[in-house]
Amino acid sequence: MTTAPNLMSESKRLAAQKALDYLEDDMIVGVGTGSTVAYFIDALAAWKHRIRGAVSSSEQSSARLKANGIEVLDLNVSGPLLLYVDGADECDPHKRLIKGGGGALTREKIIAQASERFVCIIDASKQVPILGNFPLPVEVIPMARSLVARAILAATGGQPVWREGVVTDNGNWILDIHNLRIVDPVKLETELNQIPGVVSVGLFARRPADIVIVGGEPVRVL
Ligand code: 5RP
């Protein structure tokens, strides 16, 4: 689906606003990364005296949270979270996702795993019947880049492309796998996780979203 840029921004903002419905007093909120989440962080500012703080998935989101007066907490200190709010690059009908377009997939995956409820906020352009049109991000240890790329090519037939010049918050590199049609996302996620040098895979199928909010008029909650 193609959507005009300003309509898309408004859809993202509406989805982010709706995610406020899932907040509870005294919560520590897990916060993802990206342009949709940026709207959520700005909206969260109205709640800053009612929540204990946020666990952030990136330096980018941490900076925005702090600029909004929201305390950023360490996941090791917070312990398990009740709520994680994040965007996605693609979302299938089973709420399985491709994430990592912004390069924050590893910390996003950690926080999603630590959270009881994962609320995913998207605009309608992210909804797909089958994942894989968006290149699948894989975070890799730098010395393993070509080893992992060869293994991905052999295992999937997809084309791994190095996101050259990008260094993740964890000091690693990213390969984006093009030309995939992911009919069994749980299987692919499991297989790719086994390749030595892979830090994490931007497939969120083993731990999908629990709730998906699709911004628009009207906002839809799936
Ligand atoms: C970052 C992500 C983002 O959630 C994803 O890229 C969507 O971003 P946006 O809200 O800007 O469309 O996974 O690593």
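Just checking, does segment 194-217 include any residue being outside any loop (DSSP other than H, G, I, E, B) and more than 18 Å from the chain's Cα centre (by Cα)? Checked segment 194-217: no residue is outside any loop (DSSP other than H, G, I, E, B) and more than 18 Å from the chain's Cα centre (by Cα).
Applying the condition of being part of a strand (DSSP E or B) and either near the ligand (Cβ under 9 Å from one of its atoms) or open to solvent by 10 Å² or more (accessible area, probe 1.4 Å) (or both) to segment 117-139 and asking which residue is farthest from residue 150 (Cα to Cα) yields 117.
For residue 152, which of the numbered conditions (1) surrounded by fewer than 24 Cβ atoms within 10 Å (Cβ to Cβ); (2) not assigned by TED's automatic domain parsing to the domain that holds residue 41 fails to hold? Residue 152 satisfies all of (1) surrounded by fewer than 24 Cβ atoms within 10 Å (Cβ to Cβ); (2) not assigned by TED's automatic domain parsing to the domain that holds residue 41 except (1).
Results for (1) of a type in the set (D, E, K, R); (2) more than 9 Å from the ligand (Cβ to nearest atom), shown as yes or no for each residue.
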{"position": "33", "(1), (2)": "no, no"}
{"position": "42", "(1), (2)": "yes, yes"}
{"position": "83", "(1), (2)": "no, yes"}
{"position": "94", "(1), (2)": "no, yes"}
{"position": "104", "(1), (2)": "no, no"}
{"position": "112", "(1), (2)": "no, yes"}
{"position": "115", "(1), (2)": "no, yes"}
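Scanning segment 94-106 for residues being surrounded by 24 or more Cβ atoms within 10 Å (Cβ to Cβ) and assigned to a helix (DSSP H, G or I) gives a total of 1. Considering 82, 75, the condition of being under 28 Å from residue 197 (Cα atoms), out of contact with any Leu (no Cβ under 7 Å at 6 or more places or on another chain), at pLDDT 95 or above and not small (Gly, Ala, Ser) is satisfied by 75 alone. When residue 164 is tested against (1) open to solvent by 30 Å² or more (accessible area, probe 1.4 Å); (2) assigned by TED's automatic domain parsing to the domain that holds residue 97, just one condition goes unmet, and that condition is (2).
Filtered by the rule that a residue be within 15 Å of the ligand (Cβ to nearest atom) and open to solvent by 30 Å² or more (accessible area, probe 1.4 Å), segment 44-62 gives 59, 60.
The values are calculated or read from the model by the stated rules, or taken from the named source; none is laboratory data. All of these numbers come straight from a predicted model, not from anything done at the bench. Neighbour counts run over all protein chains shown; Cβ positions are idealised from the backbone, glycine included. The accessibility values were calculated without ligands, DNA or RNA, using every heavy atom of the protein model including side chains. Shrake-Rupley method; radii C 1.70, N 1.55, O 1.52, S 1.80 Å.
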